[in-house]
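Engineer: This structure is in structure tokens; I'll ask about it shortly.
The values are calculated or read from the model by the stated rules, or taken from the named source; none is laboratory data. Treat the numbers as computed from the prediction; the structure is a model and nothing was measured. Quick reminder, even Gly has a Cβ in these numbers, built from the backbone with ideal geometry, and neighbours come from all protein chains shown.
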Amino acid sequence: MTTAASPSRAAGRAQSREKIGQPVQTQGQMRGRTRIETSVVDGLGLARKLRAEMAAQVAALTGSAAAAEGAAAVAERPAASAFHSGARPPCLVTLRVGEDPASRAYVAGKHRACRRAGFTSRNLELPANTSQKELLAQIEALNQDGEVDGILVQLPLPKGLDAVAAACAIAAEKDVDGVGPVNAGRLLVGGAGLFPCTPLGILAILDHYGVELRGAHAVVIGRSNIVGKPVSLLLQRRDATVTMCHSRSRNLPEICQSADLLVACTGVPRLVKAGWIQPGAAVMDVGATYVNGKSGNLEGPVGDVDFEAALGRAGLITPHRRGVGPMTITMLLRNTLDAWCQRMGAA
Ligand code: GUN
């Protein structure tokens, strides 16, 4: 049986496992093959819970409402003592260049989440023919703006614009996407910093569902600066044994078959087949690709994993809707909140 698991039930079940990669619960023999009870991650439910906590923290810190739970959570924040009632709320600014429809929708989701959590936010829209110089000038103006806590340059950028140069231009303390060299370096050497949101969201899901990372074999397929590389480093920091591969790695199915945890972030629709998944493994699917459907219309988003086929094989899996995506936005709010706490605490 497959369950759209409530987080608490799944966590309890996952915690009772000796390690991930073992069957959660067998359902008898199905044509000689053990069938696994797959827990489907409720990323939206977890995201809502965490966002409500952050909203309460912001309300308590800005004096807009004396939310008791928020105040309790805030008491644990080191910078909290520097706040005064009436402080301005955290502020995120996104920069979107060009006309990519998926980016437009993603950015709108980020601003909606900000509004609901009591953050302020702004979206700067630049035309597709914006020069690199103009983009860097816009970033620098936001670096200097004392009302701005977080800056995010939405990717992908139009052809001709250098995303790495843009990432390098964002002030480290406002780099809530965790893409700049200072934060990437901190992640590499083991320090504290602002780290990329999708990897943080994946770690939060794994922790919530009680997946043991220490000593587990984690296979990451994908090597982007924003997901593949940072999630590999974060998993290694949690004592997982990490294999970093990509869509052109040789023997990809065999490598994946030895994974207790599989993170798929290639953008290749349904790359990962059921037979690649070790029975009982945790599978985090970051893919959300739009494909040309039979009718000629764009269809999707489609994940990197053949989700339907993986049910009954994986122990835990994220759906491509309401899985990792809502947690990415949640971690963007968390980074913005942390950046705001640092700024206000230092003021
Ligand atoms: N495009 C898709 N996901 C992301 C993200 O997490 N950050 C940025 N900057 N752009 C994206």
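Engineer: Would you mind telling me which numbered condition in (1) part of a loop (DSSP other than H, G, I, E, B); (2) within 16 Å of the ligand (Cβ to nearest atom) residue 231 fails?
Structural biologist: Single failed check for residue 231: (1).
Engineer: Only one residue in 98, 43 is under 30 Å from residue 217 (Cα atoms), modelled with pLDDT of 95 or more and of a type outside the set (Asp, Glu), so which one is that? Explain how you work it out, then say what you get.
Structural biologist: Details: 98 fails: under 30 Å from residue 217 (Cα atoms).
The conditions single out 43.
A quick yes/no check of all residues on (1) over 18 Å from residue 42 (Cα atoms); (2) more than 17 Å from the chain's Cα centre (by Cα); (3) not in a loop (DSSP other than H, G, I, E, B):
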{"site": "253", "(1), (2), (3)": "yes, yes, yes"}
{"site": "278", "(1), (2), (3)": "yes, yes, no"}
{"site": "301", "(1), (2), (3)": "no, no, yes"}
{"site": "308", "(1), (2), (3)": "no, yes, yes"}
{"site": "336", "(1), (2), (3)": "yes, no, yes"}
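Engineer: Just checking, does the range 134-141 include any residue being touching a helix residue (DSSP H, G or I) at 6+ places or on another chain (Cβ under 9 Å), assigned by TED's automatic domain parsing to the domain that holds residue 101, in a loop (DSSP other than H, G, I, E, B) and within 15 Å of the ligand (Cβ to nearest atom)?
Structural biologist: Among the residues of the range 134-141, not one is touching a helix residue (DSSP H, G or I) at 6+ places or on another chain (Cβ under 9 Å), assigned by TED's automatic domain parsing to the domain that holds residue 101, in a loop (DSSP other than H, G, I, E, B) and within 15 Å of the ligand (Cβ to nearest atom), which makes the answer no.
Engineer: Something else: Report yes if residue 240 is outside the structural domain of residue 154 (by TED's automatic domain parsing), at pLDDT 95 or above and touching a Lys or Arg at 6+ places or on another chain (Cβ under 8 Å), otherwise no. Before the answer, list the steps.
Structural biologist: Numbers: outside the structural domain of residue 154 (by TED's automatic domain parsing): yes; at pLDDT 95 or above: yes; touching a Lys or Arg at 6+ places or on another chain (Cβ under 8 Å): yes.
So residue 240 passes the test.
Engineer: Considering each residue of the range 194-219, count those that are within 16 Å of the ligand (Cβ to nearest atom) and either buried (at least 20 other Cβ atoms within 10 Å of the Cβ) or over 14 Å from residue 327 (Cα atoms) (or both), and give that number. Spell out how you get there, then give the answer.
Structural biologist: If we filter the range 194-219 for residues that are within 16 Å of the ligand (Cβ to nearest atom), which is where we start, we get 194-205.
Then keep just the ones that are either buried (at least 20 other Cβ atoms within 10 Å of the Cβ) or over 14 Å from residue 327 (Cα atoms) (or both); that gives 194-203, 205.
Of the residues in the range 194-219, 11 are within 16 Å of the ligand (Cβ to nearest atom) and either buried (at least 20 other Cβ atoms within 10 Å of the Cβ) or over 14 Å from residue 327 (Cα atoms) (or both).
Engineer: Let me ask something additional. Hey, could you check the range 314-327 for residues that are surrounded by 24 or more Cβ atoms within 10 Å (Cβ to Cβ) and not small (Gly, Ala, Ser) and say which is nearest to residue 49 (Cα to Cα)?
Structural biologist: Step one: filter the range 314-327 for residues surrounded by 24 or more Cβ atoms within 10 Å (Cβ to Cβ), giving 314-318, 323-324, 327.
Restricting the remaining residues to those that are not small (Gly, Ala, Ser) gives 316-318, 324, 327.
On the way: 316: 20, 317: 20, 318: 17, 324: 15, 327: 11 Å.
Out of the qualifying residues, it is 327.
Engineer: While we're looking at this one, here's another question. Name the residues in the range 172-182 that are away from the ligand (no atom under 12 Å from the Cβ) and touching a residue at least 24 places away in the same chain (Cβ under 8 Å), would you?
Structural biologist: At the first step, the residues of the range 172-182 found to be away from the ligand (no atom under 12 Å from the Cβ) are 172-174, 181-182.
Across the range 172-182, the qualifying residues are 173, 174.
Engineer: Out of 118, 185, I need the residue that is more than 11 Å from the ligand (Cβ to nearest atom), surrounded by 17 or more Cβ atoms within 10 Å (Cβ to Cβ) and of a type outside the set (Ser, Thr, Tyr). Which one?
Structural biologist: Working: 185 fails: surrounded by 17 or more Cβ atoms within 10 Å (Cβ to Cβ).
Every option except 118 fails the conditions.
Engineer: Taking the range 220-237 on its own, how many of its residues are among the basic types (Lys, Arg) and surrounded by fewer than 18 Cβ atoms within 10 Å (Cβ to Cβ)? Show your work before the answer.
Structural biologist: Taking the range 220-237 first, the residues among the basic types (Lys, Arg) are 223, 229, 237.
Add one more test, that the residue is surrounded by fewer than 18 Cβ atoms within 10 Å (Cβ to Cβ), and what stays is 223, 237.
The qualifying residues number 2.
Engineer: Output the residues belonging to the range 143-160 that are more than 10 Å from the ligand (Cβ to nearest atom) and surrounded by fewer than 20 Cβ atoms within 10 Å (Cβ to Cβ).
Structural biologist: 143, 144, 145, 146, 147, 158, 159, 160
Engineer: Are any of the residues in the range 238-251 in contact with a helix residue (DSSP H, G or I) (Cβ under 7 Å, 6 or more places away or on another chain) and surrounded by 24 or more Cβ atoms within 10 Å (Cβ to Cβ)?
Structural biologist: no
Engineer: For residues in the range 234-245 being at negative phi and not hydrophobic (A, V, I, L, M, F, W, C), which is farthest from the ligand (Cβ to nearest atom)?
Structural biologist: Looking only at the range 234-245, we keep the residues that are at negative phi, and these are 234-238, 240-245.
In the following step, the residues that additionally are not hydrophobic (A, V, I, L, M, F, W, C) were identified as 236-238, 241, 243.
Working: 236: 21, 237: 20, 238: 21, 241: 26, 243: 23 Å.
Ranking the candidates gives 241 first.
Engineer: State which residue pairs qualify: first residue touching a residue at least 40 places away in the same chain (Cβ under 8 Å) and at positive phi and inside the range 321-337, second residue away from the ligand (no atom under 11 Å from the Cβ) and in a helix (DSSP H, G or I) in any location, beta carbons under 7 Å apart, and separation of 6 or more residues or different chains.
Structural biologist: Within 7 Å, the pairs are 322/43; 322/44.
Engineer: I've got another one for you. Filter the range 93-102 down to the residues that are at negative phi, out of contact with any strand residue (DSSP E or B) (no Cβ under 6 Å at 6 or more places or on another chain) and of a type outside the set (A, V, I, L, M) and list them by number. Give the derivation first.
Structural biologist: Pass one, the range 93-102, residues at negative phi: 93-97, 99-102.
After this cut, where a residue has to be out of contact with any strand residue (DSSP E or B) (no Cβ under 6 Å at 6 or more places or on another chain) as well, the list is 99-102.
99, 100, 101, listed by residue number.
Engineer: Taking the range 310-334, which residues are in a helix (DSSP H, G or I) and either within 30 Å of residue 120 (Cβ to Cβ) or within 16 Å of the ligand (Cβ to nearest atom) (or both)?
Structural biologist: We begin by selecting, within the range 310-334, every residue in a helix (DSSP H, G or I); these are 310, 324-334.
Across the range 310-334, the qualifying residues are 324, 325, 326, 327, 328, 329, 330, 331, 332, 333, 334.
Engineer: Which of the residues spanning the range 161-182 are exposed (fewer than 14 other Cβ atoms within 10 Å of the Cβ) and among the acidic types (Asp, Glu)?
Structural biologist: Once the filter is applied, which keeps residues that are exposed (fewer than 14 other Cβ atoms within 10 Å of the Cβ) and among the acidic types (Asp, Glu), the range 161-182 yields only 162.
Engineer: Then there is this: Yes or no: the range 124-133 includes at least one residue that is in a helix (DSSP H, G or I), loosely packed, with under 14 Cβ neighbours inside 10 Å and away from the ligand (no atom under 15 Å from the Cβ). If you could, list the steps in order and put the result at the bottom.
Structural biologist: In the first step, residues of the range 124-133 are kept if they are in a helix (DSSP H, G or I); the result is 132-133.
Next, only the ones that are loosely packed, with under 14 Cβ neighbours inside 10 Å stay: 133.
From what's left, away from the ligand (no atom under 15 Å from the Cβ): 133.
Yes, the range 124-133 has at least one match.
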